[in-house]
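Take a look at the structure set out below.
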Amino acid sequence: MAVSTEQKSFLNTAALSRIGNLELLSTRVVDGILSGKHRSTFLGGSFEFANHRAYTAGDEIRLIDWKVYARRDRYYIRQFEETTSLQGLMVLDCSGSMEFGLSTVSKLDYSRAACACLSRLMLRQRDAVGLALVGQKVESYLPPKGYPRHLQAILQSLEKTKSKGETRLGPNLFDLMRRLKRRGMLLLFTDGLGDWDATADGLKQARLRGHEVLVFHVMAPEELTFRFNRFSRFECLERAGLKLDLDPPTVRDLYLKNLNDFLSKVQTNCTSMGADYLLLSTDQDLGDALSYYLNRRASRAKH
């Protein structure tokens, strides 16, 4: 289901750059996507305690809380809220390179918006979702929960996110796997720059532990085309003081070859380990990109 003209007009560069509109953005994107497209491969569910209520005739005796009865000499029934059979963890790369954005919003802002949209979608489907912000270490971690109000905690954490320096995605992925109590879905948002081999090892570990892995490879259009024409100075966003002066047309062919080799490697690694891979450019309409991807996943699940 495609997003409407009104929704598309909202999903422009200016709107995405105003991170304060993150909640409104996620609401409109999710409203433009058919909810419930993906189906969990994990069957059954579990229940979490919610509160007590007075016993009434017809209630099952096994639900009586005998400890409360011992204290109050009255029968009370334990009520539970059904929890999801699927838990997802959004992992956001907060390295300095994610701050890049020239003609569009930064890769970080685009990823934050995508995290917000998918978090809202999962919670609407009664799935649990959490968030991990990763730099040199796991800077922030919200464990997966299935309550609608948990979205506010996720949005607040996303709004405070800053990108800086180098990241250690690989080792931190191993750390995150130890925090997840059961199998679920790992959604990684990254530009893949840095030590990709270590990141791939971390993703393989997640797959070995039975987690479903989705990699959203977020790149800026300038990175994908290198359409710079004038002699320019390029500065590294992860290592202070590292600069390079060059004439873009003279190195464009070599750059594009190396880029395509890199993109191919990332996609091949993901495919070989059984992970989903989606290349996203920050000039893409976010609603269209997510809608296409979710419909594609739903179509595959039917076969």
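No value in this document is a laboratory result; all are computed from the given coordinates. Bear in mind the structure is a predicted one, so any value in this text is a computation, not a measurement. Using ideal geometry, Cβ is built from the backbone for each residue, glycine included, and neighbour counts are taken over all protein chains shown.
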- Sorted by packing (mean other beta-carbon atoms within 10 Å per residue), highest first, where do 233-241, 267-275 land? 267-275, 233-241
- The long-range amide H neighbours of residue 125, using H built 1.01 Å from N in the peptide plane and a cut-off of under 5 Å, are none
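Would you please put 132-141, 250-259 in order of how densely packed they are, using the mean number of other Cβ atoms within 10 angstrom per residue and starting with the highest?
Numbers: 132-141: 18.7, 250-259: 12.4.
Ranked from most to least packed, the peptides come out as 132-141, 250-259.
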